[in-house]
1. How many of the residues in the stretch 297-322 are over 30 Å from Val96 (Cα atoms) and not hydroxyl-bearing (Ser, Thr, Tyr)?
2. Looking at the structure I just gave you, is Arg24 in contact with a strand residue (DSSP E or B) (Cβ under 9 Å, 6 or more places away or on another chain), assigned to a helix (DSSP H, G or I), free of Cβ contacts under 8 Å to residues at least 24 places away in the same chain and farther than 19 Å from Val133 by Cβ?
3. Quick check on this structure: which one of Pro109, Pro115 is more than 14 Å from Leu48 (Cβ to Cβ) and in contact with a strand residue (DSSP E or B) (Cβ under 7 Å, 6 or more places away or on another chain)?
4. Would you mention how many residues in the stretch 62-97 are more than 20 Å from the chain's Cα centre (by Cα) and either in contact (Cβ under 8 Å) with a residue 24 or more places away in the chain or on the phi < 0 side of the Ramachandran plot (or both)?
5. Quick one: which of Thr152, Thr168 is hydroxyl-bearing (Ser, Thr, Tyr) and touching a strand residue (DSSP E or B) at 6+ places or on another chain (Cβ under 9 Å)?
6. Do we have Leu295 as in contact with an Asp or Glu (Cβ under 9 Å, 6 or more places away or on another chain) and either without any contact (Cβ under 8 Å) to a residue 60 or more places away in the chain or buried (at least 21 other Cβ atoms within 10 Å of the Cβ) (or both) here?
7. If I filter the stretch 299-325 down to residues being aromatic (Phe, Trp, Tyr) and surrounded by 21 or more Cβ atoms within 10 Å (Cβ to Cβ), which single residue comes out as nearest to the chain's Cα centre (by Cα)?
8. Report yes if some residue within the stretch 236-251 is in a helix (DSSP H, G or I), free of Cβ contacts under 8 Å to residues at least 40 places away in the same chain and among the charged types (D, E, K, R); otherwise report no.
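The values are calculated or read from the model by the stated rules, or taken from the named source; none is laboratory data. Bear in mind that the values here come from a model prediction, so they are computed numbers and not experimental data. Glycine gets a Cβ as well: all are built from the backbone with ideal geometry, and neighbour counts include every protein chain shown.
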Amino acid sequence: MSNFLAAERAVRTAAPFDLLEAVRAALTEHYGALDVELLMVDYGLTVLQPVTELPYTAEPVSVHASPAGRALASQDPHSRAVADEGAVDLFLPVTVRGDRLGILRVRIPEERSTPRQVEELAALAEILGHEIVVADRDTDVYLQARRAGRLTLAAEMQWQLLPGRAYTRTEYAIGAQLEPAYAIHGDNFDWAATSETLTLTVTNGMGEGIAASLLTNLAVNALRNARRAGIDIADQAALADQALYAQHRGDAYVSTLLLSFELATGRVRVVDAGSPQLWRQRGKVVEQIPFEAQLPLGMFEETDYVAQEFDVEPGDRLLFVSDGVYDALSESGEAYGERALARAVQAARLLPASAVPRAILQELASYLKADAADDALVVCLDWFGRQDAS
């Protein structure tokens, strides 16, 4: 265990921009590593980009047909023998509370590839993930490595606003994705957890480009400000509505679905203020859960909002989709619609929550056979409930 503790200390004390070099040196010294490479998954979840010196010119690795991609999908260490070198490549998930950041590839001598060594190296990859999240406050190194192309300014603003792309705890697992990943503008999602509750919001700011991104930024931060003041979700919506109306006088507004989950019971309170839809998969049944539609945030002055209620059960899968999904049109002008969406949800039933949004958006892309004109957002929440819940 002394090797593990020494390597862990080296990672935790490294400069934010120097994490990879610290990991490489520590694993070489304490585990006999022959080569170490960090690959960050890109914004579109299509490739793993090696972290190298700027400009990043190393060849990206596909997430679909590679050992690194398999480790990313399964979230388990994957190994591959290196021909004629007596060595093994270990592909270790770099993940923080369910949010998949990338893969740490470690090449070690074959005789050192014992179950204990692999377990320790996997734990160090997880520690590295936590340090990357902290390092992102102070360096652009890892954010730059995630880019397979250039982000628009609107997309830059939206991605920086997100809490993450996945989150897992005992009672639930969340996965989410935005498309087009490098040019998103108005769609967004947010969540916040306590020991007893989960608050989840799905938003869609009207308009395009930076104007839509600025509008959504104002809405999300207004909702956060109200939430952090300990205010009920109906009043969170009302205060955000006032902030948006004060700024835009009804000329711009935001569609929002706002939910508060009670972890002990599965009771959910909902404010439906616009276009995002909620779908539920319970067993083999996929259906939309309708709510009483209320006005989007910022449309009129001092709108009152009322929360509705429903229950989730262990095993339920909830899907939150924006109008860029269910209203998307094919080249022939046919809307994607409820039937196609239900089929896509059923097709992804065996995937974990973190992988479902990408799978549905890929299905949508094949339906469109062209670039979507609107943002498309999918959030998946798998509800496990509390084992000790009565």
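1. Count: 12.
2. Against the criterion (in contact with a strand residue (DSSP E or B) (Cβ under 9 Å, 6 or more places away or on another chain), assigned to a helix (DSSP H, G or I), free of Cβ contacts under 8 Å to residues at least 24 places away in the same chain and farther than 19 Å from Val133 by Cβ), Arg24 qualifies.
3. From the options Pro109, Pro115, the qualifying one is Pro109.
4. 17
5. Thr168
6. So Leu295 passes the test.
7. The qualifying residue nearest to the chain's Cα centre (by Cα) is Phe320.
8. no
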